[in-house]
1. When the Karplus curve 6.51 cos²θ - 1.76 cosθ + 1.60 is applied with θ = phi - 60°, which whole-Hz ³J(HN,Hα) does each residue of the range 4-17 get, with x for Gly and Pro?
2. Give the range of the longest stretch in the chain that excludes all chymotrypsin sites (Phe, Trp or Tyr not before Pro) found in loop regions by DSSP and having at most 16 other beta-carbon atoms within 10 Å.
3. Helix 378-399 against the longest principal axis of the chain: what's the angle in degrees, Cα atoms only, rounded to the nearest 10?
4. Setting aside same-chain residues fewer than 8 positions from Lys174, which lysines have a Cα under 27 Å from its Cα?
5. Past 19 Å, Cα to Cα, is the threshold; run Lys442/Lys470; Lys470/Lys498; Lys270/Lys487 against it and keep the listed order.
6. Suppose each label sits 7 Å from its Cα in the direction of the beta carbon; what would the Phe240-Cys468 distance come out to in nanometres?
7. Please work out the ratio of the alpha-carbon Rg of the range 429-525 to 2.2 N^0.38 Å and round it to two decimals.
8. For labels at Lys447 and Ser513 in the simple 7 Å Cα→Cβ model, what's the distance in nm?
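No lab work stands behind these numbers, since they all come straight from the coordinates. Bear in mind that the values here come from a model prediction, so they are computed numbers and not experimental data. A quick note on method: Cβ atoms are made from the backbone with ideal geometry, for glycine too, and the neighbour counts reach across all protein chains shown.
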Amino acid sequence: MSYKIQNTSLILLIIYLIVGIYLSINTGISHDEYHEQLNWEINIKAIKNFYETGTYKDLLEYKDRYHGIGFNFLSQPFQYLTKDLLLSYLDVSEYGSILISKHLVIFTLFFISGLFFYKICLIFFNNKNFALISLFLFLLYPYFLGHSLINPKDIPFLSFWIISTFITCKILKKLYKEETVPIKYLVYLSISTSFLISIRVVGFLILLQFLIFIITFCEIKNKSFLNLLKSNIKNLIILFFNLAFFTYLLNPIFWHDPREVINSLIWMSKYQQDVSTLTLGEYMKALNLPASYYFIWLFFKLPILIILGFFLFPLIEKKLLKNNLNKILTYSLIFTCLIILLLFILLDVAIYNEIRHLMFLIPLIFLISLNNLYMWSRKFFYFSGVLFIIFFVIENISINPYQYTWMNSFSKFYKINKNFEVDYWGISNKNLYNKIVKHSSKNNFNKNNCVYGDLYSNVFLEKQNFKCFKMYSELDAAKLRPYYVMKNHRNLKRSNPKDCKLISSELYKYSFSNQTINVGSAWYCD
């Protein structure tokens, strides 16, 4: 029976991977993807200049010089290998094919991180059924799946955080069994952590997680923290030497002055992106967030099953054996989530677009909650787990391609469009521009006239010979009619264009909800 379940799971994973890749290259393009590509182009030019002259003035004067490019070292070779294939398959410009080709790499990395998530679950309980259900809940969670199709920053960061957490758990398991920690584990952890830091400098927080794991281990096992450090001093030297080397190597901005590490931490914690995020009906500014912001979004974004599991901890705490490895891991993850969340609040870190900057904590919350559910009642875990997997499949189909906007059933008691951020990534651009192309061909639109919307989305129209693209904010100064208007992204908050005809709207509904969510619209102004 177990053998059949594993074979079926393998087939389902293959299907998931194929469908995910297909969805990833058939979705829209977000604003962040343009900036990510620009960051890479400026950094690669700086690397060449540094090699030739020993300096890189353009990078030092670049506003986003502290935005890491680590993931690009992995993605760019694949992007340039696949861009021509996508160019012939998709109706986009060459630049658009470069951007979309990264989607394939993002999703593949997310899928790989899911396999590491599965392995962590096996360390908690050596039970493949528990691990498989947990894996499919992780992979099918609409919020994760939606982001894995498009998000070039948060998903790679989350993925490497999971990989680093897995290696940390493996090291802790060796210490728990009083076995020698293999040097390869330390090298793997240093490389994974270096990539984490090179994607976002806040990746240094993984060292805090590592410290929390060790301190929790010492407390529960009643061991001396200092003695543990002394007995592993060689391992620590190997770890931190490799970490320093790879971190320096993967962050070109550090090359001219290692003190830039401190500058980058300060700069990125107060990143000057003072946008407002609509949160339970209130516009909350990134540079002045109330503590409630974090808890509101976690409450509405996490699946109800995961929220329930997290708060079951007091009921299952007594079931955790005194010196059990599961107890060490559970407490370590709980402390990690709470301490990092507290640090973000106390340091008043600038975050926006709901909880995308805290997305890396959600897999840890999943691990805690699923562990609690399993220990509380295995029958309830299996029943509710399968039920939620089916629900996630239905939800993903019904709201595709806007899974990243997913919110749990608690949100359905509110008017979602009026109370929460929705299409902040602007992925509706592809479908809306397709409608503009069809409408323009029927109305003999002069393609020298303008399309107002988001400049980064013009990759869907350039190949159709549209010449003029302007930002939505320039619409008030528009004089030459006719023109088209695409209203999405944060422009959803603006008023509709005057004296224009609505030609298309991007709408969807959650399961078991009568609300219609509007993520964008296209207009013709003649």
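1. Those phi angles translate into 5, 4, 5, 5, 4, 4, 4, 4, 5, 5, 5, 4, 4, 4 Hz.
2. Numbers: sites that count: Tyr414, Phe512.
No qualifying site falls inside 1-413, the longest such stretch.
3. 20 degrees
4. Lys119, Lys128, Lys184, Lys221, Lys223, Lys230, Lys234, Lys318, Lys319, Lys322, Lys327
5. Working: Lys442/Lys470 23 Å; Lys470/Lys498 17 Å; Lys270/Lys487 29 Å.
Violating the 19 Å limit, Cα to Cα: Lys442/Lys470; Lys270/Lys487.
6. Taking the two extended label points, one gets 6.2 nm.
7. On the way: Rg = 13.5 Å, N = 97, 2.2 N^0.38 = 12.5 Å.
That works out to 1.08 for the range 429-525.
8. Each label point lies 7 Å from its Cα, and together they span 3.8 nm.
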